[in-house]
Amino acid sequence: MALCKVMIIGNLGSDPEMRYTPSNRAVTQFNVAVNQSTKNQQTGEWVEETDWFRVSVWGDRAERMAETLRKGNKVFVEGRFKTRQFEGRDGQTRTSLEITADSIVNLERRPRDEEGSFNAQPQGSAVPAGGGVRPQRAPSDDTDLDDLPF
């Protein structure tokens, strides 16, 4: 038995692109930038590095993600990881980091409009790519949210 699973949180680098295969199956692809800050041991300065991942989503989820995601959205992606090597325009061998998504959660509190600014209407809760809307439960008066473990 083997397992190849990846989970990332990052921002979309461009709007998703949806297309259909010859068998009429929807596929949506987009790039996710994951930033990481590390401290340079010699200089003591913080250095920010960005890794880019190509994400593919298939079927009904592909259509939903193409409708709801936009450039700049923060997303959580869980899926299967694989690398692909190809030859770049300059003749150099390059490696592409690709994820076939099993689930995607839009982490934006409010959806962005076409120009990238936020709409006035807040979005209720995050929508997982594999299912419906998670119910949002209002806290009761006797619940202290500071005591929650997360």
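The values are calculated or read from the model by the stated rules, or taken from the named source; none is laboratory data. Computed from a prediction, not measured in an experiment: that's the story for all the values here. All Cβ positions, even for glycine, are placed from backbone atoms using ideal geometry, and neighbour counts span all protein chains on display.
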### Query
Looking only at residues in the range 71-116 that are basic (Lys, Arg), out of contact with any Gly (no Cβ under 7 Å at 6 or more places or on another chain) and in a loop (DSSP other than H, G, I, E, B), which one is modelled with the highest pLDDT?
89
### Query
Can you name the residue in the range 7-59 that is farther than 22 Å from residue 70 by Cα and in contact with a Lys or Arg (Cβ under 9 Å, 6 or more places away or on another chain) and is also surrounded by the fewest Cβ atoms within 10 Å (Cβ to Cβ) among such residues?
45
### Task
Please tell me if residue 124 is loosely packed, with under 10 Cβ neighbours inside 10 Å and either in a loop (DSSP other than H, G, I, E, B) or modelled with pLDDT of 75 or more (or both).
no
### Given (1) aromatic (Phe, Trp, Tyr); (2) modelled with pLDDT under 50; (3) surrounded by 14 or more Cβ atoms within 10 Å (Cβ to Cβ), number of the condition residue 150 does not satisfy
(3)
### Query
With 50, 38 as the choices, which residue is in a strand (DSSP E or B), free of Cβ contacts under 8 Å to residues at least 12 places away in the same chain, of a type in the set (Ser, Thr, Tyr) and in contact with a strand residue (DSSP E or B) (Cβ under 9 Å, 6 or more places away or on another chain)?
38
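Considering only the range 60-83, state which residues are of a type in the set (Ser, Thr, Tyr) and surrounded by fewer than 14 Cβ atoms within 10 Å (Cβ to Cβ). So that I can check it myself, show each step before the final result.
First pass over the range 60-83, keeping only residues of a type in the set (Ser, Thr, Tyr): 68, 83.
83, the sole residue that qualifies.
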